[in-house]
Amino acid sequence: MSSMASNAILAKARAMYGKCLTDSDYRQLMDCRSVPEVAGYLKTRTSYGSALTGLDENSIHRGQLEPLLRQNLYFDVFALSRYAKDKALLFTGFIISEMEIEQIIRCLTLVNLGRAEEYVYSMPLSMDQYAKISFKELASVRSYDDMMEMLSGTVYYSVLQRYKPKENERIDIARIEAELNNQNYGVIMGEMEKAGKNRDAGELKEIFAAMLDFRNMSRIIRLKKYYGYDESRIKPLLIPYGRLSKRNIDDLCAAETVQEVFEISRTTYLGRLMSRLRYNDQSQMAWAMICVYCRHHLRLSPNPTIVMVSYVYLKEIELNNIINIIESTRYGLSAEEKAKLLVR
């Protein structure tokens with residue numbers, strides 16, 4: 001049964017990947033001149049049709065479209081998890097927590113803007129059956145205290161309590177998001193440590209650790225380039241897991257320029273991967289790394305959990321590409337300008 005389940009995940013994940021957007025689909029989407037036109041193409045010509053069934057594309061807006069598309073990704077995870085056992089189920093729990101954190105942050109962002117009541121228009125109601133928190137209750141949150149009360153008794157409460165803003169202070173969204181995600185990363189890395197020293201567990205831990213390194217690299221570059229942060233401000237915002245050594249991280253954070261960050265990274269295992277990347281902006285580097293890494297593992301790995309992980313992250317990249325196309329279409333960018341926003 002274990003062998004049959006493994007083969008089912010391998011076959012299904014690769015078949016689902018075969019339904020991802022093609023170069024032709026991307027060209028057609030980039031030629032669209034309005035958001036309804038993008039929605040119409042996705043609904044009638046791609047695998048996103050089932051997620052958009054019943055949608056009136058002529059009255060849709062970006063705030064409604066994105067949650068529907070993201071639900072498609074979560075449904076794929078749950079479809080694969082039907083065959084999953086052990087470590088694959090750990091990954092399903094990790095994805096569910098990612099979904100919950102995303103919704104908590106979205107709601108807190110609207111609270112910060114004084115528009116908390118707008119959350120109801122984008123909440124993924126159909127995901128309530130899988131989540132450990134209630135998105136219906138999240139829609140009733142109007143303040144930070146409301147959020148703390150709603151999350152009382154969950155794994156998220158201690159982080160919210162630690163970063164509760166003082167009166168008239170704004171919520172530190174970036175720090176809360178980093179801490180919630182780090183907590184989630186810590187759970188899955190800890191569970192993989194418990195899984196033992198066998199080859200499958202080691203490979204899974206390696207791919208997760210590598211992807212966390214990619215994210216840290218991207219975060220260091222973004223914080224230096226756009227915010228001018230120094231080492232003392234960058235380190236608390238990094239993910240405290242990965243394959244890079246403490247010395248590597250210290251050197252990257254202490255670098256004076258973005259170019260110096262690249263030079264240092266080439267002395268690590270990331271250097272070999274970076275030579276194969278294709279991206280148009282440094283902010284795309286982490287996703288470009290994940291794309292190369294996961295595409296390789298999805299095609300060649302015999303480990304069903306790694307193939308499942310790889311599929312989910314490649315689908316996440318596709319989703320980000322679609323959202324960028326929607327946004328750039330909304331602002332009237334040309335097809336050539338849209339193409340520069342995509343990670344392929």
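Every read-out reported here was derived from the displayed coordinates using simple, explicitly stated rules and does not represent laboratory data. Everything numeric in this text was worked out from a predicted model, so none of it was measured. In this analysis, Cβ positions are derived from the backbone assuming ideal geometry, glycine residues included, and neighbour counts consider all displayed protein chains.
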| said: For a test of the definition: using alpha carbon positions, the gyration tensor, and the 1.5 limit on a/c, classify the range 87-194 as rounded, prolate or oblate. | reply: oblate
| field | Separation between Cα centres of the range 97-164 and the range 20-55, rounded to whole Å | value | 30 Å
| request: Rank-order 318-325, 120-127 by packing density, defined as the average count of other C-beta atoms within 10 Å over each peptide's residues, highest first. | output: 318-325, 120-127
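Which of the helices in the chain, when you take each full DSSP H run, stretch at least 20 Å along the axis at their Cα atoms and have an average Kyte-Doolittle score of -0.5 or higher?
Details: long enough: 2-17 (23 Å, 0.34); 62-81 (29 Å, 0.00); 87-112 (37 Å, 0.97); 173-194 (32 Å, -0.44); 199-227 (41 Å, -0.39); 285-300 (23 Å, 0.69); 304-330 (39 Å, 0.46).
Length and hydropathy pass: 2-17, 62-81, 87-112, 173-194, 199-227, 285-300, 304-330.
Could you tally the net charge around Q28, taking each other residue with its Cβ under 11 Å from the Cβ of Q28, Lys/Arg +1 and Asp/Glu -1? Numbers along the way, then the final one.
Numbers: positive: R27, R45; negative: D23, D25, D31, E37.
Spelling it out: positives minus negatives among the neighbours equals -2.
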| Cβ crowding within 10 Å averaged over residues, with 13-19, 74-80 ranked highest first | 74-80, 13-19
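How would you rank 100-106, 309-315, highest first, on the average number of other Cβ atoms within 10 Å across their residues? Could the numbers behind the result be given before it?
Values: 100-106: 19.4, 309-315: 22.9.
Final packing ranking: 309-315, 100-106.
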